[in-house]
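Asks: Structure provided below as C-alpha cells; questions to follow.
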Amino acid sequence: MVGSQAMEDFRARKRRGERITALTAYDYPTARLLDESGIDIILVGDSLGMVVLGYPDTAEVKFEEMLHHTRAAARGVRRALLVADLSIGTYNASDAAVTNAQRLVEAGAQAVKLEGGVSHAAQIDAIVRHGIPVMAHIGMLPQSVREEGGYKVKGRSEAEAERLLADARAVEAAGAFSVVLEIVTAETARRITEAIEIPTIGIGSGEHCDGQILVTHDLIGLYPWFTPKFVSPAAQVAEEIRRAARHFIDRTRGSL
Ligand code: KIV
C-alpha cells in the first residue's frame, strides 16, 4: 500500500510547478515499458473496454475484466504509481465502493479512480478512510456517455464552470490526491487548477493542468479507427503491425 507521504508528494510537485505524467496500460509489457520510461502514474483505465476489448464504450466493462487487467499491469510496474479504475456500477454506494477498491488493491493497484464530483464525495471519503488513495475524475464522464449523448466539452458556460469548481472542491475535501479533468475548456481547467491544492491531471483540457494523461493506444497510434481530436499521436504502431504482418505473409508465401 502506498503511504500518505507519496500522496503528499503529488501536492508538493504541484506547489513546485513540476508537471505530472500519466498514461494507461492494461497488460504486462505495456506497463513495464511505461514504467521503464519514467512515467509517474500508470492507469489501468476502463478505456480498456474500447481499445483492448472492442466494446463501444466503457459502460460495457465488467469488474472482473478490471481485476484481470490490473493483475497483468501490476506485474510490470516497479516504480510508477499504479491506479485502477472502478468500473461502472461498482461504486454506487460507499460500502460497495470500499469493497471493490480493496479488490483492486488486492489485484495490485496502489490507488483507485472513480468518476464523479459532488455526487461521489461520500464514496471517495469512505475509500480514503480505509487507507486507499483515490484519484477523482470530473468533466466529461465516459461512464455516462450514453446519458450524455456523446463526448461533449465541459465548462463552456459560467454555470457549468461553477459546477465543475464545486466538484473539484468536493473531491479535494473528500481526500482525493488528484483529479482528472476530462475534455474541460482550457480556461475552466485553469480556474480549477488554481482553486485547489491537489494536482489536476488533464485529458483534452488544455495546457494549464498540473499534469497530463492520455490513453496509450491514442498516443502511440495503436487504435487507428478512432483518435480523439485533442491527441497528436507520437508513433504509428498500428501501421508497424500491419507492415510486419504483411512482411511475414509475403515471406511465408515465398515472394520475398
Ligand atoms: O479510462 C481511462 O483511460 C481514463 C482516462 C482517459 C483518464 O479514465
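Asks: Based solely on its DSSP helices, what 222 nm [θ] is calculated for the chain when runs of n ≥ 4 H residues each add -39,500 (n - 2.57) and the sum is averaged over all residues, nearest 500 deg cm²/dmol? Please report the intermediate quantities before stating the final value.
Replies: Numbers: 11 runs with 113 residues, N = 256.
Taken over the chain, the calculation gives -13000 deg cm²/dmol.
Asks: Multiplying the sequence separation of Ala245 and Glu148 by 0.36 nm and subtracting their Cα-Cα distance, what value in nm do you get?
Replies: Taking Ala245 through Glu148 to full extension adds about 31.0 nm, to one decimal.
Asks: What's the Cα-based Rg to Rh of region 124-202, Rh via Kirkwood?
Replies: Ratio of gyration radius to Kirkwood radius for region 124-202: 0.98.
Asks: Among the trypsin sites (Lys or Arg not before Pro) in region 164-231, which ones are in a DSSP loop with at most 15 other Cβ atoms within 10 Å of the Cβ? Mind listing them?
Replies: Filter output for region 164-231: Lys229.
Asks: Let me ask something else. Please sort by residue number the chymotrypsin sites (Phe, Trp or Tyr not before Pro) in region 172-246 whose DSSP state is loop and whose Cβ has at most 12 other Cβ atoms within 10 Å. Present the calculation step by step, with values, prior to reporting the outcome.
Replies: On the way: sites: Phe177, Trp225, Phe226, Phe230; in loops: Phe177, Trp225, Phe226, Phe230.
Here the sparse-neighbourhood loop sites are Trp225, Phe226.
Asks: If you don't mind, another one. Fewest Cβ neighbours within 10 Å first, please rank Glu194, Glu160, Glu240 accordingly.
Replies: Glu194, Glu240, Glu160
Asks: Please work out the FRET efficiency for the pair Arg16 and Glu207, using the Cβ-Cβ distance as r and a Förster radius of 22 Å; give the result to the nearest 0.05. Walk me through the numbers on the way to the answer.
Replies: Numbers: r = 18 Å, r/R0 = 0.80.
Approximately 0.80, to the nearest 0.05.
Asks: For the chain, what mean projected area does the convex hull of the alpha carbons give, in nm²?
Replies: On the way: hull surface 56.7 nm².
Computing the convex hull of the Cα atoms and averaging its projections yields 14.2 nm².
Taken together, the values in this text are just the output of simple stated rules run on the coordinates, not laboratory data. Nothing here was measured: the structure is a model prediction, and the numbers come from that model. Methodologically, a virtual Cβ is constructed for each residue, glycine included, from the backbone with ideal geometry; neighbour enumeration extends over all protein chains shown.
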